[in-house]
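Notes for the one structure printed next.
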Amino acid sequence: MMTTGQLASAGSLALDQGAAAAPPPIRRGPAADRDASLVERLRRHEEGAAEALVAQYGDRSYRLAMRITNNSSDAEEVVQDALWAASRKIDTFRGTAAFGSWVYRITANAAYQKRRDRPFLRRAAKLLRRLRPEAQARIRAT
């Protein structure tokens, strides 16, 4: 069995003989984010930045919203709301996580909120159908 000193000298000997050194640490934060240029474009409110956000995250956000809401029209509305919120609130993005994670969290929260609101909307529609036609017309006119 080797002593601690022998292990240390053997390790330094191996490094001196050309053994591979430990890989550099993984960089985290905005410098490592592959969407850093998109984030900067959104922060500068550049023309076309919102469209780039939709192109980059629209399909994946829709699939996430569809899995949560299980309704295509709700999922479309969720994605529109979530991506609009992400572009509006871009200054709150701290960069401690990947930009995509931030966008997905906004999308998931919007989808869960839509799903929670659904029973209320069904009850409201049911009540509206029970009203007389003239009352329905007055409510829809407002």
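At a glance:
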{"quantity": "Candidates I139, I90 - the one that is farther than 30 Å from R41 by Cα and either hydrophobic (A, V, I, L, M, F, W, C) or modelled with pLDDT of 95 or more (or both)", "calculated": "I139"}
{"quantity": "Residue within the range 121-130 that is of a type outside the set (S, T, Y), outside any helix (DSSP H, G or I), out of contact with any Cys (no Cβ under 6 Å at 6 or more places or on another chain) and exposed (fewer than 12 other Cβ atoms within 10 Å of the Cβ) present", "calculated": "no"}
{"quantity": "The range 85-107 - residue that is without any contact (Cβ under 8 Å) to a residue 24 or more places away in the chain and assigned to a helix (DSSP H, G or I) and, of those, surrounded by the fewest Cβ atoms within 10 Å (Cβ to Cβ)", "calculated": "T92"}
{"quantity": "Selection count, the range 37-74, where residues are closer than 25 Å to D117 by Cα and outside any helix (DSSP H, G or I)", "calculated": "2"}
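The values are calculated or read from the model by the stated rules, or taken from the named source; none is laboratory data. Everything quoted here is computed from the prediction, not taken from an experiment. In this analysis, Cβ positions are derived from the backbone assuming ideal geometry, glycine residues included, and neighbour counts consider all displayed protein chains.
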